[in-house]
Amino acid sequence: MTLWLEAFNTDFWYAIVGAVLLVLALGAFITSRQLIKKLLAFNIMGSGVFLIMVGLAQYQHGPDSVPQALVLTGIVVAVAATALALVLIRKFVLKGGQP
Amino acid sequence: MMWFDLALGLGLIIAAIGVFRSEDLFRAVVLFVTFGILLALTWLRLQAPDLALAEAAIGAGITGVLLLDTLGVFRQHEQDINPRSSSQLPDISRQWAANVLALIACISAAGLLAWSLFNTLKMPAPHHNLVTVVEANIAYSGVSHGITAVLLNFRSYDTLLEVAVLLVAIVIGIGLRERVTTSANATSDEGQSKLSEPPALLTSLVRLLLPLLLITAIFVLWAGSTRPGGAFQAGALIAAAGVLARLGQIDIAARVTTILRLGLTLGVFIFLIVAVSPMLTGKPFLTYPAGWEGTLILLIEFMLTISIGLILLSLFIQAPRPRIPAPVRNAIPATGPNAETNKGGDQ
Amino acid sequence: MTLLNIFQTLFITIGCLFFLIGTIGLLRFPDVLTRIHALTKADNLGLGFIVIGLIPSMSTAADIAKLIVCWVLILAASSVSAFLVANQHIKKSKEFKDHDVV
Amino acid sequence: MIPLLLIIPLVFALLSVLLPRLPIKAIAIPGLVLQLIASIQLSVHTYKHGASDYALGSWEAPLGIALHANGFTVTLLTLTAFIAIVCAVYALIYLKRYEHEQRYFWPLFWFLLASLNGIWLSGDLFNLYVGLELLTFSAVGMVALTANKASLQAAIRYLFAALLGSLGYLAGVALLYGQYGTLSIQEIALISTSDAPTQVALALMTVGLLMKTAIFPLHYWLPPAHGGALAPVSALLSALVVKASFYILAVLWLQLAPDAISPAAAQVLGALGAGAILWGSWCAFRQPDIKMLVAYSTVAQLGYLMFVFPLSIGTSAAAAELAWQGTVLHLLAHAFAKAAMFLSVGTLVLAIGHQGIKDLAGVSHRVPLALFSFGLSAVSLMGLPPSGGFNAKWLLLQSALSSGQWWWFIFILGGGLLTAAYVFRVFSVSFIEEARHKFAPTHWLLDVSALTLAAAAILLGFVSQWPLTLMELVPGVQS
């Protein structure tokens, strides 16, 4: 317990939050039947991973621009994925599929 | 400030749970945008203002707009064409299987992550420390802001591929969209976009905001070399300006012309040219000639901003929408080899 | 604590109170129009107080200008969006009346 | 030399986005030939001088991203270039009837090649993530190309599965970076330990990559995506795309952190592979639709790739080497055979106009060449001599025997029999004399390209030494 309190800092706290988000979003991704909800869960899961990435690295050695740059790339890839999924879902719904 | 962090972290989790639990999609999307704003705050707390900017502009902004637009399309579509059928009732056994699967996945993921994080607390700091390596080399990178140096010099290959990813998304977007417009005649497209005349108040606000947004975008781009900012955030701002302009009915060409294609590919094209040219003098791919790093990075970032802005904007504009059935359409029969599939398509 | 500090604290507290009142109004008022009323009026006022409270801690004139620009932009954005929401609401309720649903 | 393999596909991708009405024939084939020459030249260079590194932007890893060319890499590069060129010839003819689709096929095709080459060459964990996303997006786009309801549904399912897999992989990368402070695979391989964060990272990455490789029971997305796509797209997806995530998995397990892997975990992966062979074959046997049969056959054949883990982790060096060689040969033989199979099935379907296996009656008379290619590729898939598939299975069997893991022996042999069962369903119908449908004439180039690949799968049986000699330069399972 003392170990936890000593080593605990802001960066580590957000890494934990990221892990919680990742787990919750994973569950939501699997259970939800609506494609849009799945997409939202994917985005939140991604945010969880990004928080782990930055939080954990900065916990080890302070502000680090490398994971921040990686996450910036990750955010852009995630928005591209979201946009692509939305394009496909919209087309699918227009063809009579269920969202 | 620990209490603030505690509250912010819990706020993120609560917002996420709200997204997952809400039955209404609109509500879920609004909560998701709230989540994005909280996340932007979180990045500030993690001393990552670049990510805060990107999250606010790209994560919450553009994603939110795309999602809301999609919901609007669904609403329109369901009312006009496809009322909810009773066959849509959930399949109970499948749902149970999914629940059990999710429970197992969640418990194992939670266990693994908890074990890993708990052990991290006991570990010594890692062997490598890229922070010092970046600091030692940033003087040779041509920029003084660490993240820009990583994105456009040290790891510029990632960025090149990343813009290619964006490009693939828009190529698919255009590919799925054009099929609609080729069989529809121009008037039905016009009719759709003029469905509701925007209030004059909105139009005038948009006219006021557009130049401001563009100036901000240029500032964010230029700031990137010395402080938080850069091509991706600036590109998102340009896209936001475009979306606003479209909401305010300021006409933006929705047609895929060669000029648009040029704009979409410009960023990668210039990037590739700059990356390949040192190979002529025997230097490795993606090397900047000494002394020219700063200038070339700014050039690439400028072109990337244009391309990213156009790509994000086009993903909004080109996304498939239902066509309003116009009586004129029957008068002009669809022709060409794809006529059959086109007709069956989007009615 | 200097006089300036007291002045700042006072203004920011008043601003926060207005935000609180606006939020209570948003939650408690019965329909769309009154909710918009609570939100826009109270929040814009609260924001104004907070901006005034913050101005003394800015170091340069440019920073002060930025703060004021933020305020003006938020005022413009919130009033226009409030107008749009209200407009949509009135249109919708008219449609409902035509169909004798309400 | 190395970066050319990235630049060529990227330049052609940009050209085909920019000028969609370009005379494709005049552009695509020279580009592909160029790529093939570049990859062969790199192979020769690697053969003569051994593995080589390339520091992009003159920044050495860990700060920059290193490209890495070894025997395995160059084999995969050449394989990609070869299959791409044959599929492109096929696509040029096949897509003539899809005027709209082919304008978007070519940019996606080139981006797909760029990402594949990028993945084979990359020595950086995060760069592999970006490469995987580029690969996923272009593959999903190709599945959605025809934009009918079924293909869109398949594409959405594929996209979601692949995105979930990527996030699992990325979570692992995050943990590894936190643990080691670097992203370079070679650097981590030097210092990796078997502590909790490393093992958790590997577990997350493995699940993610299994999802992307469509290993049973995470294969649910593959059959509709591969079975529903256009013939040249299915060929590329089954032959190359699923192998990319397997390649990364193999690098992680055998090169990045071999100490962190327990033999028990390897046995679990082997069991998944066995499950894939049984379940995939059973489903293939029951499919009424020929394209779905071939797609389920991919699910089954991917199972063999998993045997490399139990056969090479915790076993003798000799067994491990045999397993590794067998797996590489299987990867190559399956790539050739499955591409050939999808292309020949595409021709058959084109000739009959239907996809049902029952509709195949009479094809042995009317479309003999396509059926012949189908048969040749089936020989390799079943593992009959002389073929690449036979040599691969032979090596795997030997490895199973010498490591004393007889239970894998049963599955390797049994898989061949199961393959025979579903393939003969096709043959039993196709030799029926009277046809149920009219036959449309097909272009001779379609037959030639399918035949080329099928012949390559057989010929691999005679020249297995070539890739295996190159392979000795591979790190990981090294003799």
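Please say if segment D:262-473 is rounded, prolate or oblate, where rounded means a/c under 1.5 for a ≥ b ≥ c the square roots of the C-alpha gyration tensor eigenvalues, and otherwise the choice is prolate for a/b larger than b/c and oblate otherwise? Provide the component values of the computation, followed by the final result.
Values: a/c = 2.94, a/b = 1.86, b/c = 1.58.
Because a/c hits 1.5 or more and a/b exceeds b/c, segment D:262-473 counts as prolate.
The alpha carbon centroids of segment B:50-79 and segment D:439-462 are separated by 48 Å.
How big is the dipole moment of segment C:3-98 about its Cα centre under a simple scheme where the beta carbon of each Lys and Arg is +1, that of each Asp and Glu is -1, and everything else is neutral? Debye, nearest 20, please. Provide the component values of the computation, followed by the final result.
On the way: 8 positive and 5 negative charges, 55 e Å.
Here the size comes out at about 260 debye.
Could you line up D:Phe372, D:Phe126 from fewest to most neighbouring Cβ atoms inside 10 Å?
Numbers: D:Phe372 16, D:Phe126 26.
Taking fewest neighbouring Cβ atoms as first place, the list is D:Phe372, D:Phe126.
All other residues whose Cβ lies under 14 angstrom from that of B:Gly235 are scored, Lys and Arg at +1 and Asp and Glu at -1, for a net of -3.
Label-to-label distance for D:Tyr220 and B:Arg21 is 2.6 nm, based on points extended 7 Å past Cα in the beta-carbon direction.
For peptide D:5-16, the mean count of partner chain Cβ atoms within 10 Å of a residue's Cβ comes to 4.
For chain C, the longest principal axis of the alpha carbon atoms and the long axis of helix C:61-98 meet at an angle near 10°. Give me the net charge of D:Leu256's neighbourhood, meaning all other residues with Cβ under 15 Å from the Cβ of D:Leu256; Lys, Arg count +1, Asp, Glu -1. Around D:Leu256, the charge tally is -4. For C:Ile24 and C:Val85, a Förster radius of 25 Å and the Cβ-Cβ distance give a FRET efficiency of 0.85, rounded to the nearest 0.05.
Mean per-residue shielding of peptide C:21-30 is 0, counting Cβ atoms of other chains within 10 Å of each Cβ.
Find the Cα radius of gyration of segment B:1-79, compare it with 2.2 N^0.38 Å by division, and give the number to two decimals. Please report the intermediate quantities before stating the final value.
Details: Rg = 14.2 Å, N = 79, 2.2 N^0.38 = 11.6 Å.
Compared with the compact-globule rule of thumb, segment B:1-79 sits at 1.23.
Kindly identify segment B:205-315 as rounded, prolate or oblate by the Cα gyration tensor criterion: order the square roots of the eigenvalues as a ≥ b ≥ c, call it rounded if a/c is under 1.5, otherwise compare a/b with b/c, prolate if a/b is larger, else oblate. If you can, show how the numbers build up before the last one.
Working: a/c = 3.95, a/b = 1.72, b/c = 2.30.
Oblate is the answer for segment B:205-315, as a/c is 1.5 or above yet b/c matches or exceeds a/b.
For segment C:3-98, a/c is not less than 1.5, where a ≥ b ≥ c are the root eigenvalues of the C-alpha gyration tensor, and a/b does not top b/c. That puts it in the oblate class. Between D:Val463 and D:Ile37, residue separation times 0.36 nm minus the direct Cα-Cα distance comes to 151.4 nm. Rounded to the nearest 10 degrees, the angle from helix D:24-49 to the longest Cα principal axis of chain D is 40 degrees. Solvent-free Debye calculation, one equal scatterer per alpha-carbon of the protein assembly as shown: log10 I(q)/I(0) at 0.04, 0.08 Å⁻¹ equals -0.20, -0.81.
Return the calculated 222 nm mean residue ellipticity for the protein assembly as shown, to the nearest 500 deg cm²/dmol, obtained by summing -39500 (n - 2.57) across DSSP H runs with n ≥ 4 and dividing by the residue count. Don't skip to the answer; put the middle values down first.
Working: 43 runs with 767 residues, N = 1027.
Taken over the protein assembly as shown, the calculation gives -25000 deg cm²/dmol.
Taking Cα atoms only, the orientation of helix D:71-94 departs from the longest principal axis of chain D by about 20 degrees. Within segment D:318-341, list the residues whose amide N lies under 20 Å from a label point set 7 Å along Cα→Cβ of D:Leu401. So the set is D:318-330. For segment A:84-92, putting each phi into the Karplus relation 6.51 cos²θ - 1.76 cosθ + 1.60 with θ = phi - 60° gives couplings of 4, 4, 5, 4, 5, 5, 4, 4, 4 Hz, in residue order, rounded to whole numbers and with x for Gly and Pro.
Counting Cβ atoms of other protein chains within 10 Å of each Cβ in D:268-275 and taking the mean gives 0. Couplings 3J(HN,Hα) for segment D:98-114, derived from phi with the Karplus relation 6.51 cos²θ - 1.76 cosθ + 1.60 (θ = phi - 60°), are 10, 4, 5, 4, 5, 5, 9, 5, 5, x, 5, 4, 5, 5, 4, 5, 4 Hz, where x marks Gly and Pro.
A cut-off under 12 angstrom between Cβ atoms defines the neighbours of D:Gln287, and their net charge, with Lys, Arg +1 and Asp, Glu -1, is +3. Cβ crowding within 10 Å ranks B:Val131, B:Val29, D:Val130 as B:Val131, B:Val29, D:Val130, fewest other Cβ atoms first. The separation of segment D:138-168 from segment D:369-429, counted between C-alpha centres, amounts to 30 Å.
Between B:Ala290 and D:Ser52, the FRET efficiency estimated from the beta carbon spacing at R0 = 41 angstrom works out to 0.95. Using alpha carbons only, how many angstrom separate the centre of segment B:100-146 from the centre of segment D:171-210? Between the Cα centres of segment B:100-146 and segment D:171-210 lies a distance of 10 Å. Cβ crowding within 10 Å, taken as a proxy for footprinting-reagent exposure, orders D:Val426, B:Val100, B:Val168 from fewest neighbours to most as B:Val100, D:Val426, B:Val168. Here, segment D:321-373 yields an orientationally averaged convex hull projection of 4.2 nm² when only Cα atoms define the hull.
If you bin every alpha carbon distance in chain A into 10 Å steps from zero, what whole percent lands in each bin? Values per bin, smallest distances first: 16, 35, 28, 14, 6, 1.
Please work out the FRET efficiency for the pair B:Ser108 and D:Ser194, using the Cβ-Cβ distance as r and a Förster radius of 22 Å; give the result to the nearest 0.05.
Details: r = 20 Å, r/R0 = 0.89.
Rounded to the nearest 0.05, the efficiency is 0.65.
Charges were assigned to the Cβ only: +1 to each Lys and Arg, -1 to each Asp and Glu. The resulting dipole of chain A about its Cα centre is roughly 860 debye.
Where a number appears in this text, it was derived from the coordinates with a stated rule and is not lab data. All values derive from a computational prediction rather than experimental measurement. All Cβ positions, even for glycine, are placed from backbone atoms using ideal geometry, and neighbour counts span all protein chains on display.
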